[in-house]
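The values are calculated or read from the model by the stated rules, or taken from the named source; none is laboratory data. Keep in mind the model is a prediction, meaning the values are calculated, not measured. Don't worry about glycine lacking a Cβ; one is built from the backbone with ideal geometry, like all the others, and counts go over all protein chains shown. Side chains are part of the model used for accessible areas, which takes the heavy atoms of the whole protein and leaves out ligands, DNA and RNA. Shrake-Rupley method; radii C 1.70, N 1.55, O 1.52, S 1.80 Å.
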Amino acid sequence: MDHLIFVVDTDGESRTGIAALLERFGRVETASSTEDALRRLKEGLIADLLVCDADEISVDKILERANCGFVLRASAETVSRLSASACAACYGLVQKTADSDAFLLATVEAALERADRDHETAEDKEAYRFFFDNLPVAAIVCSPDYVIQQWNRGAEALFGYTRGEAVGHQLMTLIYSEKNEMGPDELRDWLKNTLHENQRSRNTNYDRTKDGRNLLCEWFDLPYTADDRAHILSVATDVTKERELLTTLKKTIEQKDFLMQEMYHRLKNNLNLIISLISLKIDELEAAAGAGDTPGSGVEYPAATESLNDIMQKISAFSVLYDMLHQYGGGVRTVDLGRYLEELLHTIFSTMAASRCRVESDLADVEVAPQTAIVLGLITNEIATNALKYGFRAEGRETFSVSLSPDYDNGRCEYTLSNTGNPFPEDVDLTNTSSLGLQLINSLVDQLNATVELEKRPSTRYTISFPMDDVRPSEAERTATV
């Protein structure tokens, strides 16, 4: 049998899509507003079924003019505000989602079947029963005291009780689970108060099935009036597996964080152990040199201790970084570059500076990837140790200065390192040198896709400019900006 379906929706794309979807049931007419729909109905349009967007359309105004049932597309908030007359005329509710077409088709088909029976035999209760029973979720109708009046097939499948076993019983008593914090009477009173205040209730409770299983169910309760009698429609879905999955994922994440913390902790300990072993070897070489037992050994003790000190400082750069990563926790993707460089410089100058020196820093609050931090740390270590070895004079108090300045507009970050003392040798070319230290600096700069400039006089100053692909403001700077 062909039907006339009247689609009322303010959204043109949605209206066209629904009209095309429902053409299988017969002729489809459309209206773009409440006023447009009222005009068409006043002109004599007689529909078998109205499909309305209840979020945007005045359902009650159309209901006064139309003489047919409704299928309403609406959000949960709109459903809670529907009038009693709209609920009475409603043949189906379809939540507006991206994948609701199949449910809309099934709902419209059921509503049209009900409309046919209404027109032919006035068996509206049977049509309602068909729709209610075939909802793909547990649906229960109760009195205002939660005494069960109707129990659909979804409820039978979920809780195990047949319609005959459930109707007439108090809902909370029938399916109450001891896993709930509140008792059945307390839970019922809480739900009644919530419905009275909010005209709807959404909650998650444990429920016990007929065969003794405890299910975690999400409930949506909605009060309505039919035939001058108050009722509560309760819809329940089993979310036990979803909650178990979330719990499992949370435990997995916690375990992963623990393992990452443990990895950082062990790695840092191993680095510190290596540093300690190198320090012991340096002490052994210096003691041997002081005792004068070097003849014929072929060992240059000053050169050996200097090399070991250099290696120890490079390892310290890694150790400081992993100490920060351990403090931040596992899974960290960025580190505070300014804080890292401050701690690294403190480590370098507290362990190597034989003469008095002062460290001045002006480091902006930025975060970078750990790999970027370690490359900049190695560069810092090399330039700082060179200043200690060749730049600082024995007399007086020298200064080592660093600054970090991000330029977010141009996508670059500038890092400068300078020191007082002896000027940089004029005959040394930074880009073409046999010095292993300067070669290392150039290699590390290349790893960052950065550039480096060297000012030799009046004091030594390195300026490194690197791209900000992985540089972002720190939390402190973001908060200050907001």
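List of remarks:
- 3J(HN,Hα) along the range 214-227, derived from phi through the Karplus expression 6.51 cos²θ - 1.76 cosθ + 1.60 where θ = phi - 60°, amounts to 9, 10, 9, 10, 9, 10, 10, 10, 9, x, 8, 10, 9, 6 Hz, with x in place of Gly and Pro.
- Cross-link pairs exceeding 22 Å in C-alpha to C-alpha distance, out of Lys281/Lys314; Lys192/Lys241; Lys314/Lys389; Lys179/Lys256, comprise Lys192/Lys241; Lys179/Lys256.
- Amide H partners (placed H, <5 Å) of Val359, local residues excluded: Phe400
- Solvent accessible area, Å² - Leu344, 1.4 Å probe, full protein context: 0 Å²
- Straight-line reach from Lys251: taking Cα to Cα under 17 Å and skipping same-chain neighbours fewer than 8 places apart, the aspartates and glutamates in range are Glu242, Glu262.
- Based on the Kirkwood approach, the hydrodynamic radius assigned to the range 41-186 is 17.1 Å, with every pair of different Cα atoms included.
- Placing dummy labels 7 Å off each Cα toward the beta-carbon, the span from Ala157 to Arg358 is 8.0 nm.
- Sorted peptide list for 94-102, 409-417, 374-382, criterion being average Cβ within 10 angstrom, highest first: 374-382, 409-417, 94-102
- Note that the range 384-458, at 25 °C in a medium of 0.890 mPa s, gets a Stokes-Einstein diffusion coefficient of 175 µm²/s from its Kirkwood radius over C-alpha pairs.
- Rounded if a/c under 1.5, otherwise prolate or oblate - the range 156-234, Cα gyration tensor axes: oblate
- In order through the range 82-93: 3J(HN,Hα) via Karplus (6.51 cos²θ - 1.76 cosθ + 1.60), integer Hz, x for Gly, Pro: 5, 6, 5, 5, 5, 5, 5, 8, 6, 9, x, 10
- For the range 5-127, the Kirkwood hydrodynamic radius comes to 14.3 Å, computed from all pairs of different C-alpha atoms.
- A compact globular protein would have a Cα radius of gyration near 2.2 N^0.38 Å; the ratio found for the range 124-265 is 1.29.
- The 3J(HN,Hα) values that the Karplus relation (6.51, -1.76, 1.60; θ = phi - 60°) gives for the range 24-32 are, in residue order, 5, 8, x, 7, 10, 10, 10, 9, 9 Hz. Gly and Pro appear as x.
- Calculated FRET value between Asp189 and Ala84, using beta carbons and R₀ = 35 Å, to 0.05: 0.90
- Remark: accessible surface ordering of His231, His196, His169 (largest first) is His196, His169, His231, probe radius 1.4 Å.
- Per-pair calculated FRET efficiency, R0 = 30 Å: Arg65 and Asn214 via Cβ, rounded to 0.05: 0.05
- Cα-projected label distance for Leu105 with Thr399, points at 7 Å along beta-carbon direction, nm: 7.9 nm
- Cα-only Debye scattering, the range 145-196: base-10 log of I(q)/I(0) at q = 0.15, 0.23 Å⁻¹: -0.44, -0.92
- Arg461 contributes about 90 Å² of solvent-accessible surface, heavy atoms of the protein only, 1.4 Å probe.
- Here Thr247 and Glu165 are evaluated by their C-beta separation; at R0 = 22 Å the FRET efficiency comes out at 0.10.
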